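Colleague: Encoded as structure tokens, here's the structure I'll be asking about.
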Amino acid sequence: MSTGIFVQVRLGSTRLPAKALLPLPGGSIIQHVMRSLQAVPAEVRALLTDATSRSALEPLAREEGFEVFVGPEEDVLARFCMASRAYETDCVIRATGDNPLTSARLARGILAEHAQVQADLSHYLGIPWGSGIEVVTARALFEAERDSAQPDEREHITTFLYRHPDRFRILEAPAPSYAAFAEGRVTVDVPNDLREITRLFEDLYTGYPIEIGQVVAWLKEHALADPETVDGAGRGNA
């Protein structure tokens, strides 16, 4: 079975323009995403983007050992299916380019659980928002591409699967004890997110991806001091 790590990223965001390129200690947001995922076993590693974003992302991708695959700007499901066909992957690890604290440990864990139960789609519940990934079979993505009709089912690649649990085996595994903190938020979507993640990196980054246990401990400490800095988390965490 061939596994592809596909990082969904483009630079046309409006709330925080070109956020994937914004700097953190040690590198840009997208560089930290790619570095975290280096510790996850896969045959293919690629940034999945649009034509407008390609030129800015290619140098960073090459530096971190990733390829760049260009697909439709709005039809993200088609972009993933095109990439899966091009790279001949059977299993897709979906990450996003605004999550610099994506956890390799969590990714390896859910990947193993996904394989054990032979799921179509898997992710953890109860982990900090932005620390996890989704694992999905290429076959399930191709079915969604064929049968989905709603715009949000094309923009979000697993929405169709979640809406049809009768057709797909979905594993929503409880968070491992070392990563259980559903209140935590480590994605970067708005300026306040960037300020908080910058603080975290300034406190914890030592030149290597920050371990999820350290992240959770930091979030708990700072949530107690300032509860308004931590938002709730929801399904997917990716």
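Colleague: Within the range 179-238, how many residues turn out to be at pLDDT 90 or above, assigned to a loop (DSSP other than H, G, I, E, B) and of a type outside the set (A, V, I, L, M)?
Modeller: 11
Colleague: How many of the residues making up the range 142-171 are over 13 Å from ALA119 (Cα atoms) and part of a helix (DSSP H, G or I)?
Modeller: The total comes to 13.
Colleague: Moving on. Out of ALA83, ALA95, report the one residue that is at pLDDT 95 or above, within 17 Å of GLN38 (Cα to Cα) and crowded, with 22+ Cβ neighbours inside 10 Å.
Modeller: Numbers: ALA83 fails: within 17 Å of GLN38 (Cα to Cα).
Exactly one of ALA83, ALA95 is at pLDDT 95 or above, within 17 Å of GLN38 (Cα to Cα) and crowded, with 22+ Cβ neighbours inside 10 Å, namely ALA95.
Colleague: Just one of the numbered conditions (1) crowded, with 24+ Cβ neighbours inside 10 Å; (2) over 16 Å from the mean Cα position of the chain (by Cα) is not true of ILE157; which one?
Modeller: It fails just one condition, (2).
Colleague: Give me the pairs, please: first residue somewhere in the range 147-172 and free of Cβ contacts under 8 Å to residues at least 40 places away in the same chain, second residue anywhere and among the small types (Gly, Ala, Ser), beta-carbon distance under 8 Å, and either six or more positions apart or on two chains.
Modeller: THR159/SER148
Colleague: Can you tell me which residue in the range 103-124 is nearest to TYR208 (Cα to Cα), limited to those that are part of a loop (DSSP other than H, G, I, E, B) and either acidic (Asp, Glu) or in contact with a helix residue (DSSP H, G or I) (Cβ under 9 Å, 6 or more places away or on another chain) (or both)? Write out each step before concluding.
Modeller: Applying the first criterion (part of a loop (DSSP other than H, G, I, E, B)) to the range 103-124 yields 103, 118-120.
After this cut, where a residue has to be either acidic (Asp, Glu) or in contact with a helix residue (DSSP H, G or I) (Cβ under 9 Å, 6 or more places away or on another chain) (or both) as well, the list is 103, 119-120.
Numbers: SER103: 12, ALA119: 32, ASP120: 32 Å.
Filtering first and then ranking leaves SER103.
Colleague: While we're looking at this one, here's another question. For the range 2-19, which residues satisfy the criterion of being under 15 Å from THR102 (Cβ atoms) and either modelled with pLDDT under 95 or in contact with a strand residue (DSSP E or B) (Cβ under 7 Å, 6 or more places away or on another chain) (or both)?
Modeller: Within the range 2-19, the first condition is being under 15 Å from THR102 (Cβ atoms), and the residues that meet it are 5-9, 19.
Across the range 2-19, the qualifying residues are ILE5, PHE6, VAL7, GLN8, VAL9.
The values are calculated or read from the model by the stated rules, or taken from the named source; none is laboratory data. On a predicted model such as this, the values are computed, not experimentally measured, just so you know. Heads up, the Cβs are rebuilt from the backbone with ideal geometry, glycines too, and the neighbour counts pull from every protein chain shown.
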